[in-house]
Amino acid sequence: MKPGSGATNVLKPLYPITEMNRLTRITAILIQLQSKQVVTAGEIARRFEISLRTVYRDIKTLQDAGVPIGSENGVGYFIVDGYSLPPLMITEGEANALIVSEKFILNQGDTSLIDDFTSVLLKIKSILKTYHKDGVSKLENRVAPFIKKDTTRSHWLSAIQKSITNTQVLQIKYHSISKDETTVRKVEPLAVYFTENTWVVIAFCQLRNALREFRVDRIAALVATPQTFDDQQGFSLKEYFNNNAGM
């Protein structure tokens, strides 16, 4: 076409923008389904801000494509055992988010969490494209969290997390600041939280026969025992904090 003829040499996208967005969402839904044993339609709808009807349509699209997605009324969707996605590519935004997360984790105080995160981050960096690696290296030197005071050092968070997921009783040697005493006790960890630059584990203490909080930095020794405990599925951190507000 000659200039001025009214025609433009604009390349049209291979897919309409709306269809591209849907393909991206469907892929993300598949990843979400693989992230846990069961995912509800409501969880998917909230994450992508779509209707339940759209969720059902997207799930059917995946099923029609051969993805073995099962469902149970009143429970949710799940991927049938044995199916796995091919290796995933990490986007630039996702890589940058990991770098920001790394800065916070390096300053949170627990060495076991630092070691675990550093290990997985190295694996993720190894699959980045070259231009993403250059950007990540640049960003690493230009992001820093603001820390008001030094964090306390601890070493047991990784073992405690495993205890929570495996409902495994821990034997700990704990030094209480308030009583200035050291005791050996068996505990059933239920949750952990980070406050005042310190990690705290909420656990049922078999010695005191009650729920107790233990500062992880005050644990002098920790051993995972062969003993397991009943998984308290109903335990909620939100309810725990609401019930203990002001204590």
>> I'd like the residue in region 213-242 that is modelled with pLDDT under 95, of a type in the set (Phe, Trp, Tyr) and closer than 30 Å to Phe146 by Cα and, out of all such residues, is surrounded by the fewest Cβ atoms within 10 Å (Cβ to Cβ).
In response: Phe241
> Just checking, which of Ser163, Ser112, Ser154, Ser84 is modelled with pLDDT of 90 or more, of a type in the set (S, T, N, Q) and more than 17 Å from the chain's Cα centre (by Cα)?
Replying inline: Ser154
> Between a first residue in region 22-37 that is outside the structural domain of Glu72 (by TED's automatic domain parsing) and modelled with pLDDT of 85 or more and a second residue that is of a type in the set (Ser, Thr, Tyr) and not in a helix (DSSP H, G or I), which pairs have beta carbons less than 8 Å apart while being 6 or more apart in sequence or on different chains?
Replying inline: none
>> Among the residues in region 104-120, are any surrounded by fewer than 17 Cβ atoms within 10 Å (Cβ to Cβ), acidic (Asp, Glu) and touching a helix residue (DSSP H, G or I) at 6+ places or on another chain (Cβ under 9 Å)?
In response: yes
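The values are calculated or read from the model by the stated rules, or taken from the named source; none is laboratory data. What you see is a predicted model; the values in this text were computed from it and never measured. Ideal geometry is used to build each Cβ from the backbone, glycine not excepted, and the neighbour counts take in all protein chains shown.
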